[in-house]
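Computed from the coordinates by the stated procedures, all read-outs in this text should not be read as laboratory data. Bear in mind the structure is a predicted one, so any value in this text is a computation, not a measurement. With ideal geometry, Cβ positions are generated from the backbone for all residues, glycine too; neighbour counts draw on all protein chains shown.
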Amino acid sequence: MNAERGTETILITGASDGLGRAAALLLAERGYRVFAAGRSAEKRAQLDTLAKEKRLPLETLEMDVSDDRSVERAVAVVHQKTGQIDVLINNAGLAYFATVEDMNMEDWRRQFETNFFGVVRVTRAALGKMRERRSGRIIMISSVSGLVTPPAQGAYSVSKHAMEGLSNALRHELYPFRVKTILIEPGYIVTNIQQTAVELAQPYQEKIQKGAYAKVYRGCWAGANRSRAKSKTTPEDCARVILRAIEAPKPKARYAVTPLTTAIQWAKRLLPDSALDALIRRRYGVKREE
Ligand SMILES: NC(=O)c1ccc[n+]([C@@H]2O[C@H](COP(=O)([O-])OP(=O)(O)OC[C@H]3O[C@@H](n4cnc5c(N)ncnc54)[C@H](OP(=O)(O)O)[C@@H]3O)[C@@H](O)[C@H]2O)c1
């Protein structure tokens, strides 16, 4: 796919902030017609203003991926304005921080409603026209947590593993129709996702401080902070990998973003589960109690 060839249309979910916003700006600078979807009216207005100042072919859209009608409406607007979506980027996501036992069922469902069912919902809405035209790319913003699972991030990690499975299914089902599904797997990149995770963890504060898993939470929090502090990868770096996946004549099934993901991809190939588990437990300070 190449923007110079015409006005290819890209729809990005969760593009009002973080990785999605950086990708929206880079792709519009590259000449694609970008529809940047998000919930926050304020953040969308800021992005619209920036796009206008820079004269970019970018407009924002209201879309809550957890709401059927909101998704149908937003996809219909893009189809109406352009006739097609050439590239769909499933990026909207958030992360809950709680152990499997502590996290309540409502939050499990919320985690999945955005990170997994949201992806299924938007993909299904956009897919039919891509299939009919025998062309299109679906970019899935997964995570290193779609490959391995840190403690206290089970729900988030499971949602990304589900996205990886969904992408595997789509790669096969859409093969006859030349529609390609590509996974992008970032490690730690500083964005608002961390602050949102802190807010979503508020109801679990007592358990985090004094519950049975207090030591696990402390280790996990410290490990995540260390990894974040070490990470030099920016949202713009991730955007460049997304661009590569969009423009590669023969894209790979998955692209690592950050050295951590590359290391984990290799570790998964080379190490037995027991060694990988030991590595993860050391990284997050998980020790057996006396
Ligand atoms: N940053 C990292 O370290 C990292 C690592 C691996 C993977 N990822 C993945 O990258 C993606 C983007 O994360 P980020 O780091 O850029 O986080 P972010 O800065 O918090 O941005 C998240 C975006 O998702 C949107 N969003 C959340 N819930 C939504 C919903 N129900 N409907 C529509 N939009 C929704 C937000 O839009 P509104 O605020 O407008 O609702 C926001 O634009 C996520 O899928 C995340 O799992 C991030």
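Neighbour counts of other Cβ atoms within 10 Å put Ile184, Ile242 in the fewest-to-most order Ile184, Ile242.
Show me, for segment 205-218, the HN-Hα J-couplings you get by feeding each phi into the Karplus relation (A = 6.51, B = -1.76, C = 1.60, θ = phi - 60°), rounded to Hz, glycine and proline as x. Result, ordered by residue: 4, 5, 5, 5, 7, 10, x, 4, 9, 3, 5, 5, 4, 4 Hz. For the chain, leaving out every one of the trypsin sites (Lys or Arg not before Pro) that falls in a DSSP loop and has at most 15 other Cβ atoms within 10 Å, the longest unbroken run is 56-133. Ile280 sits among other residues whose Cβ lies under 14 Å from its own Cβ, and their net charge, with Lys and Arg +1 and Asp and Glu -1, is +4. Fewest-first ordering of Ser143, Ser66 by other beta carbons within 10 Å of each residue's beta carbon gives Ser66, Ser143.
Overall shape of the chain was characterised from the C-alpha gyration tensor. The equivalent ellipsoid obtained from it has semi-axes of 33, 21, 18 Å, in decreasing order. The separation of segment 217-290 from segment 64-104, counted between C-alpha centres, amounts to 24 Å.
Only Cα pairs under 8 Å and 6+ residues apart enter the sum, and on that basis the relative contact order of the chain stands at 19 percent.
The calculated FRET efficiency for Ala45 paired with Glu113, based on their beta-carbon distance and R0 = 35 Å, is about 0.85. At an R0 of 25 angstrom, the distance between the Cβ atoms of Gln205 and Arg228 translates into a FRET efficiency of 0.75. Using only the alpha-carbon atoms of segment 1-84 as identical scatterers, what base-10 log of I(q)/I(0) does the Debye formula give at q = 0.14 Å⁻¹? The computed values of log10 I(q)/I(0) come out as -0.42.
Multiplying the residue separation of Glu72 and Asn192 by 0.36 nm and subtracting their alpha-carbon distance yields 40.5 nm. Taking other C-beta atoms within 10 Å as the exposure proxy, Leu94, Leu279, Leu27 rank Leu279, Leu94, Leu27 from fewest upward. FRET efficiency for the Glu289 to Asn168 pair, using the beta carbon distance and R₀ = 51 Å, is estimated at 0.85.
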